[in-house]
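The values are calculated or read from the model by the stated rules, or taken from the named source; none is laboratory data. Note that the coordinates shown come from a computational prediction; the quantities given were computed from them, not determined experimentally. Because the Cβ atoms are built from the backbone with ideal geometry, glycine has one as well, and the counts that use them run over all protein chains shown.
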Amino acid sequence: MFKKSSLGAGGLAIIGVLFVAIILLANLTLRGAKLDLTADGLYTISPGTENIVKGLNEPVNLYLFFSERTATQIPQIKNHGIRARELLEELVSRSGGKLTLKVIDPQPFTEEEDRATELGIGSAPLNVAGEKLYLGLAATNSTDGKDAIPYLDPQLEEQLEYDVAKLIHKLSSAKKPVVGWLSSLNMGGDFDMQTGRQRPAWVVYSQVEQLYTVRPLEPSLTKIDADIDVLVLVHPKDLPPAALYAIDQFALRGGHVLAFVDPNSQADTAGANPNDPMAQLGADHSSHLEPLLAAWGVEFKPGQVVVDLERGLSVQLREGDAPQQHIAILGFDASNHSKDVIIGKLDNLTMATAGSLKQAQGSKLRFEPLITTSAQAGTLPAQRFTMMTDPASLRDGFKPTGPQVVAARVSGNANTAFPTLPAGVTAAPDALAASAKPLNVVVIADSDLLQDFMWVDVRNFFGQMVYQPRANNGEFVWNAIDNLSGSADLISIRGRAAYTRPFTKVDELRRAADASLRSKDQELEQQLQQTEERIAKLQTAQAGGEALLSPDQAQVIEDLRKDAVRIRKERREVNAKLETDIRNLGYEVKAYNILLVPLLVALAGIAMAYWSSRRRHAIAMLRSQQAGPQGGPS
């Protein structure tokens, strides 16, 4: 008996030592290991982000200004701040010491508050007591460079990883991106012969000049310099074969392209002749960029203009006229935008006489729509817009055919658009027949969205030009250039799924109840209207216009009152059922979380214990059988 107890105590000691050894070994070998079981991999860093932080050439210091204690009053902001901190900590752990993080909760009248202001982090007043809320991210590098995201908006949580990765990438690269700009429209401003004044540059173009190094290109080009990060093509009309071939080779080398083609450019002055108004009838105002689009897997018909019965804006064509809907001047909101980082955070964009894009049949390149119309859309021939005076005429004979894509991103490996060299073009020794690096092109089937009148009001305020945006067209262009000018790793990062999960089932229950209540309200309103009509007829039929109610009228009113009581009772029952359904749903969720999961774990443990017991019993029986013949009589 003593020997058995001693063996039991020794076994427990061995188990304890093994347990500690396993924990120490796991702590050394599995440090940082995680298992992300969320549906969309919400806590898994994108490969592009990981490459950026691992490939840093110099240290970058991150400063998260987060008023965590103050944010307790607003759970959504607090949760977003915690999520941002966890993401930054994960990036720091993967950076090999190149990233450092300091989390700061600025208190009033402290050096931390001054530091936040110095680094460009703003604060928001929380209440009348003067409490300030901080939730921003700043970064510095070893060469005194600094940048910041003044406010990490919880509404943009899907783009949190991209915004942070972009900030880190920007601080690690001192070179200002070079943008090659090729346009058949005069966007840089020129001298107006009619007014005798200098026309200003388009706002989009002037802002790009401030943000990047812009290198204007001519249609006569035969080569695109290797140091150009992004090539912007605006209404590339009638480009010669040598220029198209140069663009083809630029894209195949891994150059990034932002192209604005157009079936009917409003800024195209072809055929404009004040002495001959009929000259415009035969003028071509389209651009198509063929055969490049075909090689990139994009189908675009320059003779077709997108119209949309739902997204058409109301416009006033002439002073004094009443506004009317123009189904070819379109306004898009967030419901028309994809989750792509260049468009996902924008609220509204406007386009005029845009074209339609779709993936070419048989193309193996990735075609991702960025902006899509409503289902009440289709296309009309561009000729219908020549000398058009009445927008209402566009509806004549039009039948919607379904959603149309007006902006898209194309990526992947492509072949050259010129398997046979165009006449007069000489190939360089390093000419490519296929992509050396994956293609990345953003195509927008409209160039009019760049014009000032489409999205911004420009005013002269005491000698200073003041811009008041009405739409996000400018931000869309700048976001696209910003994204395409980044590294391939940065471009690969897309918007993530939302971290906050709404109670969709509860919302469905409420919508169903609301629909039921609305039907009851409509029923009551219809009965009231019918009864009032009957009373009016009865009163009209009365001789001498007497005001006294007849027995029929009194009975009708009494019936109406009974119906009203009945319908009000039904309304209360619907509301009560809604609350009961929501309460029962809560009970079910609690039951799953509190009872079902632990029960499954317990059953799994019992099953394993039972299987282990049976296995030991089987082994013992086998040993007993083997020992029996040896110890028994022969």
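Here Ala139 meets the list (1) among the small types (Gly, Ala, Ser); (2) modelled with pLDDT under 85; (3) touching a helix residue (DSSP H, G or I) at 6+ places or on another chain (Cβ under 6 Å) almost entirely, failing just condition (2).
Of all the residues in the stretch 388-423, those that are loosely packed, with under 10 Cβ neighbours inside 10 Å and over 30 Å from Ala354 (Cβ atoms) number 3. Of all residues in the stretch 333-349, those that are over 9 Å from Glu475 (Cβ atoms) and touching a residue at least 60 places away in the same chain (Cβ under 8 Å) have Cβ atoms under 9 Å from Cβ atoms of residues that are outside any strand (DSSP E or B) and of a type in the set (Ser, Thr, Tyr), 6 or more apart or on another chain, in Val341/Tyr162; Gly344/Ser338. Considering the conditions (1) assigned to a loop (DSSP other than H, G, I, E, B); (2) modelled with pLDDT of 95 or more; (3) under 22 Å from Leu221 (Cβ atoms), Ala259 is excluded by exactly one of them, (1). Set side by side, the residues Gly474, Gly486, Gly495 differ, and just one is of a type in the set (Gly, Ala, Ser), at negative phi, at pLDDT below 85 and in contact with a Phe, Trp or Tyr (Cβ under 8 Å, 6 or more places away or on another chain), which is Gly495.
Residues that are over 26 Å from the mean Cα position of the chain (by Cα) and farther than 18 Å from Pro302 by Cβ within the stretch 242-265 comprise Ala242, Tyr245, Ala246, Asp248, Gln249, Phe250, Leu252, Arg253, listed in sequence order. Look through the stretch 304-324, keep the residues that are surrounded by fewer than 16 Cβ atoms within 10 Å (Cβ to Cβ) and in contact (Cβ under 8 Å) with a residue 24 or more places away in the chain, and return whichever of them is nearest to Met388 (Cα to Cα). If we take residues in the stretch 304-324 being surrounded by fewer than 16 Cβ atoms within 10 Å (Cβ to Cβ) and in contact (Cβ under 8 Å) with a residue 24 or more places away in the chain, then Leu317 is nearest to Met388 (Cα to Cα). In the set (1) over 26 Å from Pro240 (Cβ atoms); (2) at pLDDT below 95; (3) not assigned by TED's automatic domain parsing to the domain that holds Gly412, the condition left unmet by Lys364 is number (3).
Can you work out which of the residues in the stretch 444-465 that are over 22 Å from the mean Cα position of the chain (by Cα) and in a strand (DSSP E or B) is modelled with the lowest pLDDT? Only one residue fits best here, namely Phe461.
Step by step: first the residues of the stretch 356-410, then only those that are part of a helix (DSSP H, G or I) and under 17 Å from Val261 (Cβ atoms), then the one that is farthest from the chain's Cα centre (by Cα). Which residue is that? First the steps, then the outcome.
Step one: of the stretch 356-410, the residues part of a helix (DSSP H, G or I) are 382-385, 391-395.
Filter once more, so that each one left must be under 17 Å from Val261 (Cβ atoms): 382, 385.
Details: Ala382: 31, Phe385: 32 Å.
So the residue we want is Phe385.
Would you mind stating whether Gly331 is in contact with a His (Cβ under 7 Å, 6 or more places away or on another chain) and surrounded by 15 or more Cβ atoms within 10 Å (Cβ to Cβ)?
Values: in contact with a His (Cβ under 7 Å, 6 or more places away or on another chain): no; surrounded by 15 or more Cβ atoms within 10 Å (Cβ to Cβ): yes.
Against the criterion (in contact with a His (Cβ under 7 Å, 6 or more places away or on another chain) and surrounded by 15 or more Cβ atoms within 10 Å (Cβ to Cβ)), Gly331 does not qualify.
Against the test of being in a loop (DSSP other than H, G, I, E, B) and farther than 19 Å from Ser356 by Cα, the options Ala251, Ala242, Ala226, Ala246 yield a single qualifying residue, Ala226.
Taking each residue of the stretch 62-78 that is assigned by TED's automatic domain parsing to the domain that holds Leu99 and looking for partners that are surrounded by fewer than 15 Cβ atoms within 10 Å (Cβ to Cβ) with beta-carbon atoms closer than 6 Å, six or more apart or interchain, yields Tyr63/Lys102; Lys78/Thr72.
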